[in-house]
Amino acid sequence: MQVQDKVGVVTGAASGIGRATALELVKQGVKGIALVDLSESAVCEFARQINEDAGRELALAFTGDVTDLQFRAQVFDETSHHHGIVQIMVPAAGIFRDRLAVKIERDTGEANIYPADVFRQVLEVNLIHPVYWAMETIARIAVDRNRQGLKKWHPNEKVQGTIIFIGSVSSQGNRGQVSYASTKAGLEGAASTLMKEAMFHGVRTGVIHPGFVDTPLLQGMPDGYVEQHILPDTQLGRLIRPEEIADAICFMIRNSAVSGQLWADAGWHPAAA
Ligand SMILES: NC(=O)c1ccc[n+]([C@@H]2O[C@H](COP(=O)([O-])OP(=O)(O)OC[C@H]3O[C@@H](n4cnc5c(N)ncnc54)[C@H](O)[C@@H]3O)[C@@H](O)[C@H]2O)c1
């Protein structure tokens, strides 16, 4: 599906992979783009820069929590109103809350299990949000087609929409990441199910699994973690740049023959822990 003249939504757009993806989509000629993030100052300034360069109101900034249903509806309503129906969805907002799944307390010998409320928080942002923002995209395309009297999508038509989820190499399991890894693995099942259903409306889905990308998220890891635990197991010997992931995401959007999952991991092959 060509990026040019389409309308996109990127969540987590104020930073890292989301920001780089939004910039790449702009470079490739989107008609309009919604930039969604918790961070008001960063997302507004980002939109201002894009619009100044474009000489028009190409980017719309939305500040809010992606887990808020009303906020989601507002983003889609206002974006469609300004630019037209959303056809590209990249739900990139994500968090991690890492710790061992089960720890034995030194003093008491008791087991300390990963807190369920923290697990649910990671689940809300990393799995439920991307799936629901994807379903909102599909729903709006489906309603629009229905209004036009269009039935089942036909391969002779152009692809109507593309959703790229941001997985992670951690979906294969990573020490200390029981909640994060579960959510990223969950995206695989959601994406393949949605693709089976949403092709009826001409919408495809895919998952990119980045390795370790040099973003503020990764900078939140403990000191020395990257040097000790990531780089020695990475064939490329360096972190991935957000722009490299953005480029791969746009490739997945543009090339409709690409389905399923793309691993962009810089050759990360961890030894057994
Ligand atoms: N950095 C990596 O190494 C790496 C690797 C694999 C996958 N990923 C995934 O890529 C995505 C982007 O990560 P990143 O490294 O660019 O992170 P980042 O921290 O640089 O950016 C994430 C953005 O999401 C926003 N955000 C977080 N929670 C939100 C919420 N509830 N509502 C609205 N906005 C919210 C933050 O404000 C931030 O701007 C995430 O899904 C992450 O899991 C990152």
Fewest-first sequence of MET195, MET252, MET1 by Cβ atoms within 10 Å of each Cβ: MET195, MET1, MET252
Inter-part distance where the stretch 199-268 and the stretch 123-162 are each reduced to a Cα centre, Å: 24 Å
Net charge over other residues, Cβ less than 12 angstrom from the Cβ of ILE240 (K, R count +1; D, E count -1): -3
Residue of GLY224, GLY64, GLY32 that the Gaussian network model of the chain assigns the largest fluctuation, springs spanning Cα pairs under 10 Å: GLY224
Under-20-angstrom lysine pairs by C-alpha in the stretch 7-264, whenever the two are 8 or more apart or on separate chains: 5
Expected 222 nm ellipticity per residue - DSSP helices of 4 or more, -39500 (n - 2.57), all of the chain, to 500: -12500 deg cm²/dmol
Rg and Dmax [Cα atoms of the stretch 205-273; Å; Rg one decimal, Dmax integer]: 13.4, 41
Residue order, fewest to most beta carbons within 10 Å, for ILE163, ILE138, ILE230, ILE104: ILE104, ILE230, ILE138, ILE163
Cα-based helix-to-principal-axis angle, 40-54 vs the chain, degrees rounded to 10: 40 degrees
Evaluated over the chain, the Cα radius of gyration and Dmax, each in Å: 19.1, 68
Residues LYS6, LYS27, sorted so that the one with the fewest Cβ neighbours within 10 Å comes first: LYS27, LYS6
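Just so you know, all these numbers are worked out from the coordinates, no wet-lab data involved. Bear in mind the structure is a predicted one, so any value in this text is a computation, not a measurement. Here Cβ is always computed from backbone atoms with ideal geometry, including for glycine, and neighbour counts include all displayed protein chains.
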